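To start, the structure itself, in structure tokens.
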Amino acid sequence: MGQGLGTALAQIAASQLCVDVSRVTVVAGDTAGVSLGLGGFASRQTVTAGSSVWLAAKAVADKAKKVASHVLEAAEHDLELVDGEVRVVGAPQLSVKLGDIARILQGAPGYGFPEGVDPGLEANINHRTDALAYANGCHSAEVEVDAETGEVKILRYIAMQDSGILINPMMVEGQIHGGVAHGIGNALYEWMGYDDGAQPVTTTFADYLLPTATEVPMLTTLYKETRSPLNPLGVKGVGEAGTIPAAAALISAVEDALTPFNVRIGHFPLTPMKIVEMIKAGR
């Protein structure tokens with residue numbers, strides 16, 4: 001699964017059940033437990049799986065309050081979930097733990113079910129997504145190009161993102177930083193070459209270049225949280241949002257720097273050799 005999704009889903013469940021996130025276990029890829037699913041890709045994890053977890057956890061919380069209302073003889077609107085138990089607001093000594101509610105719903109002797117409540121403290125909910133929640137952003141790059149060697153030096157890079165509500169800002173920051181680094185590779189380094197016999201000639205990292213810590217600048221990241229109306233969490237995608245604008249921003253900056261040489265760029269990656277060739281052709 002990766003990408004911190006397990007942590008994000010645990011956070012979402014914990015927020016609804018009012019328990020510490022360390023008490024939530026996320027099991028992925030087990031078709032014995034959940035038969036419906038396609039895996040994680042295309043910025044759909046938090047939007048679809050996250051929304052499903054939010055709705056299911058909310059349903060469990062509501063069911064727990066309904067049972068606790070019956071046990072504690074208190075109205076549901078007078079109850080609150082705090083640290084794994086349902087208690088009466090203003091009277092925390094009047095409480096019942098979620099574990100006890102689960103046992104009651106398993107059919108523990110001495111307890112009757114409230115009307116309309118089925119056995120089991122559980123919920124199985126699939127969030128259906130008919131309209132996609134697109135992220136948006138704006139990236140700006142400042143570069144310096146050595147006209148003699150074709151070397152491109154990134155002086156400054158600013159990434160402004162709107163990925164809706166951020167469930168875990170630290171993970172979002174990591175996604176954007178990693179995405180921009182990947183985009184820098186797309187724009188300036190990562191070229192897969194083949195000979196006339198269709199055999200790859202870039203077969204090692206000595207030939208297929210990747211950006212390293214010396215090529216990736218310190219990034220300035222900014223975030224605007226505009227809630228999406230298309231899912232209950234108000235979230236949008238994050239993963240691609242760092243990568244997609246990077247090549248366009250960097251190549252546009254290189255073209256702007258090479259304006260005196262009448263250079264127009266319509267391809268990537270921009271290897272130093274290609275840049276020197278374009279400068280010579282422009283002259």
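The values are calculated or read from the model by the stated rules, or taken from the named source; none is laboratory data. Just so it is clear, the structure is predicted and the values come from calculations on it, not from any experiment. All Cβ positions, even for glycine, are placed from backbone atoms using ideal geometry, and neighbour counts span all protein chains on display. Calculation scope for accessible area: heavy atoms of the full protein, side chains included, ligands and nucleic acids excluded. Shrake-Rupley method; radii C 1.70, N 1.55, O 1.52, S 1.80 Å.
In percent, what relative contact order does region 44-193 have, based on Cα pairs under 8 Å that are 6 or more apart in sequence? Before the final figure, lay out each step's value.
Values: 140 pairs, mean separation 26.0, N = 150.
Relative contact order comes out at 17 percent.
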Open item on the list: Using helices alone, I'd like the mean residue ellipticity at 222 nm for the chain: each DSSP H run of four-plus residues gives -39500 (n - 2.57), total over residue count, nearest 500.
Closed with: -10000 deg cm²/dmol
Task: 5 angstrom amide H check on residue 165, placed H, neighbours 5+ away - done: 228, 235, 236
Open item on the list: Springs between alpha-carbon pairs under 10 angstrom, Gaussian network model over the chain: which of 34, 67, 88 fluctuates most?
Closed with: 34
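Provide 66, 153 ordered by accessible surface of protein heavy atoms (probe 1.4 Å), highest first. Don't skip to the answer; put the middle values down first.
Working: 66 75, 153 110 Å².
Ranking 66, 153 by accessible area, largest first, yields 153, 66.
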Open item on the list: Show me, for region 217-226, the HN-Hα J-couplings you get by feeding each phi into the Karplus relation (A = 6.51, B = -1.76, C = 1.60, θ = phi - 60°), rounded to Hz, glycine and proline as x.
Closed with: x, 5, 9, 9, 10, 10, 9, 10, 9, 9
TODO: Could you rank the peptides 140-147, 15-22 by their average count of other C-beta atoms within 10 Å per residue, with the highest value first?
DONE: 140-147, 15-22
Task: Reach of residue 280 by Cα under 17 Å, taken over aspartates and glutamates that are not fewer than 8 positions away in the same chain - done: 146, 148, 151, 255, 256
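Which value, in Å², gives the accessible area per residue of the chain when a 1.4 Å probe is used on the protein heavy atoms?
On the way: 16240 Å² over 283 residues.
Here the residues of the chain average 57 Å² of exposed surface.
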Task: Span from the region 147-167 Cα centroid across to the region 231-283 one, whole angstrom - done: 10
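Calculate the tail of P(r) for region 183-283: the fraction of all Cα-Cα distances greater than 16 Å, expressed in %.
Details: 3484 of 5050 pairs.
Cα-Cα pairs of region 183-283 separated by over 16 Å account for 69 percent.
Could you check how many percent of all C-alpha pairs in the chain are farther apart than 31 Å?
Numbers: 19296 of 39903 pairs.
Pairs farther apart than 31 Å: 48 percent.
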Open item on the list: Keeping all protein chains in place and using 1.4 angstrom, which order do 73, 225 fall into by accessible surface area, from largest down?
Closed with: 73, 225
Task: In Å², nearest 10: area of residue 273 left accessible to a 1.4 Å probe - done: 130
Task: By accessible area with a 1.4 Å probe, ligands and nucleic acids excluded, highest first: order of 182, 177 - done: 182, 177
Open item on the list: Cut-off 10 angstrom, C-alpha nodes, Gaussian network model of the chain. Which of 100, 130, 196 fluctuates the most?
Closed with: 196
Task: Distance from region 63-139 to region 24-43 (C-alpha centre basis), Å - done: 23
Task: P(r) of region 18-130 over all Cα-Cα pairs, binned every 5 Å from zero, in whole percent - done: 2, 10, 19, 20, 17, 13, 10, 6, 2, 0
Task: Helix 244-257 axis, angle to the chain major axis (alpha carbon atoms, nearest 10°) - done: 30
TODO: Positive end of the charge dipole of the chain (Lys, Arg +1 and Asp, Glu -1 on Cβ, about the Cα centre): tell me which of 263, 86, 47 has its Cα farthest that way.
DONE: 86
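State the Kirkwood hydrodynamic radius of region 1-78 in Å, one decimal place, computed from all pairs of distinct Cα atoms.
Working: mean 1/r = 0.0718 Å⁻¹.
It is 13.9 Å.
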TODO: Using Cα pairs closer than 8 Å and at least 6 residues apart in sequence, work out the relative contact order for the chain, in percent.
DONE: 20
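Over all alpha-carbon pairs in region 118-265, figure out the percentage whose distance exceeds 21 Å.
Here the long-distance tail beyond 21 Å is 57 percent of all Cα pairs in region 118-265.
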TODO: Compare 41, 205, 268 in a GNM of the chain, Cα atoms joined below 10 Å, and give the one with the largest fluctuation.
DONE: 205
TODO: Work out from phi, with θ = phi - 60° and the Karplus expression 6.51 cos²θ - 1.76 cosθ + 1.60, the ³J(HN,Hα) of each residue of region 162-171, listed in order in whole Hz, and give x for Gly and Pro.
DONE: 10, 10, x, 5, 8, 5, 9, x, 5, 5
TODO: Would you list which lysines come within 23 Å of residue 97, measuring only between C-alpha atoms, while excluding same-chain residues fewer than 8 positions from it?
DONE: 58, 63, 65, 66
Task: From phi via Karplus (6.51, -1.76, 1.60), per-residue ³J(HN,Hα) for region 179-187 in Hz, x at Gly/Pro - done: x, 5, 4, 5, x, 4, x, 4, 6
Open item on the list: Along the Cα→Cβ direction, 7 angstrom out, place labels at residue 126 and residue 277. What is the inter-label distance in nm?
Closed with: 5.1
Task: Accessible area of the chain belonging to carbon and sulfur atoms, whole % at 1.4 Å probe - done: 54
Open item on the list: Testing the spin-label approximation: label points 7 Å from Cα along Cα→Cβ at residue 160 and residue 220. State their distance in nm.
Closed with: 1.1
